[in-house]
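To keep things clear, I will list the structure first and then write my remarks on it.
The values are calculated or read from the model by the stated rules, or taken from the named source; none is laboratory data. Predicted model, so just to flag it, every value in this text is computed and none were measured. Backbone-built Cβ (ideal geometry, glycine too); neighbour counts: all protein chains shown.
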Amino acid sequence: MYRERISVFDIFKIGIGPSSSHTLGPWRAAQYFVKGLKDRTSLKCISGLSVSLYGSLAKTGKGHGSDIAVILGLAGYDPVTIDTEIIGSVIDAVTKDKQIVLDSTVSLGFNPLTDIVFHKDECLPAHPNGMIFTAVTYDGKIVSETWYSVGGGFVRKEGGEPLATAQVHLPYPIDYASDLMNWHQQTGKKISEIVMINEKLWRCEEEVKSGLINIWEVMKECIYRGCHTGGVLPGGLQVQRRAAPFNDRLLSGGNYNDYQSWVSAIQTGGKKFGYILDWISCFALAVNEENAAFGRVVTSPTNGSAGVIPAVLLYYVIFIGEGKDDDIVRFLLTAGEIGSIFKKGATISAAMGGCQAEIGVSSAMAAAGLTEVMGGTAAQCLMAAEIAMEHHLGMTCDPIGGLVQIPCIERNAMGAIKAITASQLALQSAPELAKVSLDNVICTMWETALDMNTKYKETSEGGLAVNIPISLSEC
């Protein structure tokens with residue numbers, strides 16, 4: 001039977017906000033579609049192009065920038081490298097000129113208002129986040145592909161296998177938390193050590209380490225940028241950014257001129273509980289405000305939950321540890337494996353499982369990673385992940401106006417705090433006495449997802465999304 005083998009670099013992807021499933025996924029699908037076109041024919045032979053978005057992608061796609069992502073993907077821009085400052089001008093030009101430069105090489109007539117269609121009352125069979133790309137050649141041939149964005153930036157072509165890491169034979173194959181625990185018991189190795197050995201099947205150890213440090217650098221830059229950018233978030237809700245004024249109040253005019261001196265300024269404030277708590281919230285808010293503003297973030301495991309892991313890791317670096325590269329690598333390896341187990345056993349897609357699949361999973365990942373670097377045992381790491389998810393079970397996804405702003409941004413702060421609490425509980429507990437295992441809670445999460453009413457799964461048709469009387473001026 002096919003078993004999906006997922007690298008830590010599949011879980012942690014560098015991309016653009018506001019949503020991994022509604023922005024990054026469609027962006028990647030558009031890129032793959034264009035690549036497929038190039039394999040079949042010359043792009044100069046294409047006379048027309050259209051994109052149809054279905055289900056959750058249609059219902060909240062405008063708020064999540066799905067149309068923007070599709071345009072950028074078709075135009076040949078990559079979410080890892082694009083200058084975020086040019087996104088607005090690129091979209092404005094396509095909209096005004098009704099032309100798109102396909103793969104940055106061939107100009108083609110394309111009107112986003114008519115050639116991107118939102119089918120809000122239709123859903124494709126395999127997943128709520130479905131899309132169909134259709135191209136027509138000058139000689140009348142039609143090329144059509146159906147793609148699904150299945151959460152966390154993962155995409156899948158209809159009829160094809162998941163476009164994750166290749167099906168390899170890992171030294172320590174892991175599909176369940178019990179597999180991870182069994183390998184630990186057999187080898188005596190830490191979770192991060194087991195995961196590193198698996199990762200070395202794809203790339204050398206130095207590449208793994210440097211890649212994860214680069215992931216952390218992007219996270220740090222995102223936090224710092226978010227803590228120093230004020231104003232109103234785009235989209236029409238008129239949500240004021242809070243991280244920057246929060247940062248200013250906490251530092252009370254402290255002097256610094258870069259990230260490192262900023263960290264030093266934070267550390268001079270001491271380690272009182274309330275002070276640390278404020279900073280954890282500030283870090284998480286900063287990331288997800290950047291995410292909501294089409295900034296560069298890291299899926300952790302999704303964009304909507306991108307603030308939890310950076311907030312918890314920076315908490316550890318500033319207030320607990322010394323920020324050594326080895327600690328960063330161990331944290332991310334452990335957290336990434338927990339995210340992988342959730343993806344295999346349940347889902348990391350809010351359109352499939354509600355917000356428990358995003359904030360819940362990220363909190364579990366952060367809890368396990370923190371427990372690892374705090375010196376916890378493998379059993380305590382898994383216990384911490386279980387505790388974190390146990391107290392997110394059933395959380396719905398109800399973004400107001402389809403925007404990843406209310407309640408999404410604050411939920412990241414709450415998820416970070418829960419992760420730290422879960423880690424502390426696990427470190428003070430005997431896992432052998434626990435009544436609920438991580439596999440138990442993953443199974444429960446999936447059953448909850450299946451039972452959850454569709455309107456609570458990233459449709460903006462239930463919960464806060466329909467009970468808050470806010471008028472959107474731009475959505």
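Overview of results
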{"quantity": "Check on residue 281, without any contact (Cβ under 8 Å) to a residue 12 or more places away in the chain, in a helix (DSSP H, G or I) and among the small types (Gly, Ala, Ser)", "calculated": "no"}
{"quantity": "Residue match in segment 422-439 (condition: assigned by TED's automatic domain parsing to the domain that holds residue 301, under 26 Å from residue 149 (Cβ atoms) and out of contact with any helix residue (DSSP H, G or I) (no Cβ under 6 Å at 6 or more places or on another chain))", "calculated": "no"}
{"quantity": "Residue satisfying all of: in segment 49-62; touching a Gly at 6+ places or on another chain (Cβ under 8 Å) and at pLDDT 95 or above; surrounded by the most Cβ atoms within 10 Å (Cβ to Cβ) among these", "calculated": "53"}
{"quantity": "Output for segment 193-240, where each listed residue is of a type in the set (Lys, Arg) and assigned to a helix (DSSP H, G or I)", "calculated": "209, 220, 225"}
{"quantity": "Any chance residue 172 is of a type in the set (Ser, Thr, Tyr) and part of a loop (DSSP other than H, G, I, E, B)", "calculated": "yes"}
{"quantity": "Qualifying residue in segment 156-175 (condition: under 30 Å from residue 45 (Cα atoms), at pLDDT below 95 and among the small types (Gly, Ala, Ser))", "calculated": "yes"}
{"quantity": "Flag if residue 230 is on the phi < 0 side of the Ramachandran plot and assigned by TED's automatic domain parsing to the domain that holds residue 299", "calculated": "yes"}
{"quantity": "Top-ranked residue in segment 272-294 [being over 16 Å from residue 311 (Cα atoms) and not small (Gly, Ala, Ser); ranked as surrounded by the most Cβ atoms within 10 Å (Cβ to Cβ)]", "calculated": "294"}
{"quantity": "Set 379, 366: member being buried (at least 24 other Cβ atoms within 10 Å of the Cβ) and modelled with pLDDT of 95 or more", "calculated": "366"}
{"quantity": "Within segment 101-119, tally of residues that are under 10 Å from residue 52 (Cα atoms) and part of a loop (DSSP other than H, G, I, E, B)", "calculated": "0"}
{"quantity": "Among the candidates 78, 92, residue that is over 18 Å from residue 297 (Cβ atoms), acidic (Asp, Glu) and at pLDDT 95 or above", "calculated": "92"}
{"quantity": "Identity of the residue in segment 312-334, aliphatic (A, V, I, L, M) and without any contact (Cβ under 8 Å) to a residue 60 or more places away in the chain, that ends up surrounded by the fewest Cβ atoms within 10 Å (Cβ to Cβ)", "calculated": "320"}
{"quantity": "Residue count for segment 344-354, restricted to those that are of a type outside the set (S, T, N, Q) and under 12 Å from the mean Cα position of the chain (by Cα)", "calculated": "2"}
{"quantity": "Scope segment 349-389; condition in a helix (DSSP H, G or I) and touching a strand residue (DSSP E or B) at 6+ places or on another chain (Cβ under 6 Å); matching residues", "calculated": "350, 351, 355"}
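Results for (1) crowded, with 21+ Cβ neighbours inside 10 Å; (2) in contact (Cβ under 8 Å) with a residue 12 or more places away in the chain, shown as yes or no for each residue.
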site	(1), (2)
174	yes, yes
177	yes, yes
180	yes, yes
185	no, no
194	yes, yes
200	no, no
206	no, no
236	no, yes
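Results for (1) buried (at least 22 other Cβ atoms within 10 Å of the Cβ); (2) assigned by TED's automatic domain parsing to the domain that holds residue 135; (3) charged (D, E, K, R); (4) within 21 Å of residue 347 (Cα to Cα), shown as yes or no for each residue.
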position	(1), (2), (3), (4)
25	yes, yes, no, yes
33	yes, yes, no, no
39	no, yes, yes, no
44	no, yes, yes, no
64	yes, yes, no, yes
84	no, yes, no, no
